Amino acid sequence: MRKYPSLLSLALVCCCWSVQAEVFTSIGQMTDLIYTEKELVQSLKEYIKAEESKLDAVKSWANKLDVLTRVSTLDPEGYLAHPVNAYKLMKRLNTEWSELESLVLQDPSDGFISNMTVHRQYFPDQEDEKGAAKALMRLQDTYKLDSESFARGKLPGMHHNAILTVDDCYDMGKTAYNEADYYHAVLWMQQALRQMDAGEEHVVSKADVLDYLSYSVYQMGDLPRAIELTRRLVAIDSSHQRAGGNLRYFEKLLSKQLNKLNQEGQEPATEEPIQLGTYKRPNDYLPEREIYEALCRGEGVKMTTERRSRLYCRYHDGNRNPRLLLQPMKEEDEWDSPHIVRYLNALSDQEIEKIKELAKPRLARATVRDPITGVLTTANYRVSKSAWLEGEEDPVIERVNQRIEDITGLTTQTAELLQIANYGVGGQYEPHFDFSRKEEPDAFKTLGTGNRVATFLNYMSDVEAGGATVFPDFGAAIYPKKGTAVFWYNLFRSGEGDYRTRHAACPVLVGSKWVSNKWIHERGQEFRRPCGLTEVD
């Protein structure tokens, strides 16, 4: 029996779409904003043209009346002695000046404002801007890119130039500062200062940059440099309300530290500029952070010559499945243990476009299951948007489901609906398990189909940089390739979870990543994948 989303879930999805929340989590939806912005620019040009036309008409009136009044004021009585002039003065002041008043009062901005009002409901909000900024910082950390690289648009695989101005860098730093993320606040405020010192134009003041930078450096424990930066701030703005107090506090604090160390004199600030690696990034909640990010960069992959010799490619006919006999699947081993395989030509370009077309209007922030309650909820460690498609909706979805069943030999009647996901700016899904562990027995209870026995992952786009699927436990990295699919078992034959399959979707550095997942469940597989004799069979 297929599982369908509840009416409440559908309602929530609709609500999320109607307010266009969290736009930054999906490149697919962000592309619509490109065309929206183009339409607004055209509307703005039309407004400017209307304003210029109005101004030309007013100028014409002014020039004509200027000539006329110069003549009339030379000899008012003589001028009005002519009855035609007297009539035209009455007419001008009664009719024509009223017409001019109406012209001046016309507001050509109505069309532009109306257009803005229509589109504003789809605009990103403050949370989107903050989310996109934090995504850049996540990319910076994962791929060890310094702020200079981002500011100058020096990213691998990039075909479009995009630079960050002094004010952009300042806003990035301020976003980090407001989140008490002083590590990134230092990097971006320093970049703003560097570009400012190089003579780039800016709106923000140098005093503001130094104010945030000096305090963030202090929070990172670098008192000598905090003092040096604060002195620069005082030199620029001696009346700054915080700088003087901060400077005295920092100097007193440093003096105490030096006294404890029995050192004389102030420790000089280092001459080296602040850059990536100057300060250590604070630890966070993810124990395998370094391993995971290294794999995303292509470092630490444990693909040895010996292991590679055990990997093969073959034609796969699904145990002589009639639908695969004449055109078997091309199967390639990606990893030996646990066994992970990739299928080539798993989806055609036409199928991919149809799936994206069906999914795009329904994309909503991707969720994860709460390990305690089993309820779906959003999480910062999963940045993407997803939609669920039923087989009955379109023949393409039914065909894809059937193909997955033919390839794996497992029934999809008890599987979850096909989930389509699109990753946004810095989109990722940090290390996680697809199956539910013993400590979360109710994760899939409402489905009534047991645990997720296997994962079938379709790659529906190429990704220029980043976006790999990595397995930190055994050091594997699998890269997206449009039209291919990878498959692995999450459970041993005994039903016990294979904890080695903890995996992650690396942040997308450049490009747009589309995938579709089919999570296959235990029920119905009793004779298709019989139990093993031991726990790890």
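The values are calculated or read from the model by the stated rules, or taken from the named source; none is laboratory data. Here the structure is a predicted model, which means the values were calculated and not measured. We place every Cβ from the backbone using ideal geometry, glycine too, and count neighbours over all the protein chains shown. These area figures cover heavy atoms from the full protein model, side chains too; ligands, DNA and RNA do not enter into them. Shrake-Rupley method; radii C 1.70, N 1.55, O 1.52, S 1.80 Å.
Consider the stretch 89-129. How many of its residues are among the aromatic types (Phe, Trp, Tyr) and not in a helix (DSSP H, G or I)?
Adding up the residues that qualify gives 2.
Kindly provide the set of residues from the stretch 347-388 that are at pLDDT 75 or above, open to solvent by 40 Å² or more (accessible area, probe 1.4 Å) and closer than 23 Å to residue 22 by Cα, ordered by number.
Within the stretch 347-388, 356, 357, 360, 361, 362, 388 qualify.
Out of 409, 426, 391, I need the residue that is open to solvent by 10 Å² or more (accessible area, probe 1.4 Å) and of a type in the set (Gly, Ala, Ser). Which one? Give the derivation first.
Values: 426 fails: open to solvent by 10 Å² or more (accessible area, probe 1.4 Å); 391 fails: open to solvent by 10 Å² or more (accessible area, probe 1.4 Å).
Selected residue: 409, the only one of 409, 426, 391 that is open to solvent by 10 Å² or more (accessible area, probe 1.4 Å) and of a type in the set (Gly, Ala, Ser).
Before we move on, is residue 132 in a helix (DSSP H, G or I), among the small types (Gly, Ala, Ser) and at pLDDT below 85?
It is false that residue 132 is in a helix (DSSP H, G or I), among the small types (Gly, Ala, Ser) and at pLDDT below 85.
Take the residues in the stretch 468-485 that are outside any strand (DSSP E or B) and among the hydroxyl-bearing types (Ser, Thr, Tyr); name whichever of them is surrounded by the most Cβ atoms within 10 Å (Cβ to Cβ).
484
Where in the stretch 204-319 are the helices (runs of 4 or more DSSP H), entirely inside, with at least 2 residues that are closer than 26 Å to residue 146 by Cβ, at pLDDT 90 or above and open to solvent by 60 Å² or more (accessible area, probe 1.4 Å)?
Counting at least 2 such residues, we get 206-219, 223-236, 289-296.
Among all residue pairs at least 6 apart or on different chains, which show Cβ distances below 9 Å where the first residue, located in the stretch 280-297, is closer than 15 Å to residue 380 by Cβ and the second is among the aliphatic types (A, V, I, L, M) and in a helix (DSSP H, G or I)?
none
What residue, of 65, 80, 74, is free of Cβ contacts under 8 Å to residues at least 60 places away in the same chain and not in a helix (DSSP H, G or I)?
The conditions single out 74.
Please go through (1) out of contact with any Ser or Thr (no Cβ under 9 Å at 6 or more places or on another chain); (2) part of a helix (DSSP H, G or I); (3) without any contact (Cβ under 8 Å) to a residue 40 or more places away in the chain for residue 180 and return the number of the only condition it doesn't satisfy.
Condition not satisfied by residue 180: (2).
Condition first: over 23 Å from residue 141 (Cα atoms), of a type outside the set (A, V, I, L, M) and touching a residue at least 12 places away in the same chain (Cβ under 8 Å). Can you find one or more residues in the stretch 211-220 that meet it?
Within the stretch 211-220 (the criterion being over 23 Å from residue 141 (Cα atoms), of a type outside the set (A, V, I, L, M) and touching a residue at least 12 places away in the same chain (Cβ under 8 Å)), the answer is yes, since at least one residue qualifies.
State yes or no: is residue 162 within 29 Å of residue 294 (Cα to Cα) and in a helix (DSSP H, G or I)? Walk me through it before giving the result.
Working: within 29 Å of residue 294 (Cα to Cα): yes; in a helix (DSSP H, G or I): no.
In short, no.
I'm trying to understand the selection: among the residues of the stretch 375-419, which are in a strand (DSSP E or B) and among the β-branched types (Val, Ile, Thr)? Explain how you work it out, then say what you get.
First, pick out the residues of the stretch 375-419 that are in a strand (DSSP E or B): 376-377, 382-383, 385-389, 418-419.
Answer for the stretch 375-419, where residues must be in a strand (DSSP E or B) and among the β-branched types (Val, Ile, Thr): 377, 383.
Identify the single condition in (1) within 27 Å of the chain's Cα centre (by Cα); (2) surrounded by 15 or more Cβ atoms within 10 Å (Cβ to Cβ) that residue 333 does not satisfy, given that it satisfies every other one.
That leaves (1) as the condition not met.
Quick one: would you say residue 537 is surrounded by fewer than 19 Cβ atoms within 10 Å (Cβ to Cβ) and either within 23 Å of the chain's Cα centre (by Cα) or within 18 Å of residue 476 (Cβ to Cβ) (or both)?
So residue 537 fails the test.
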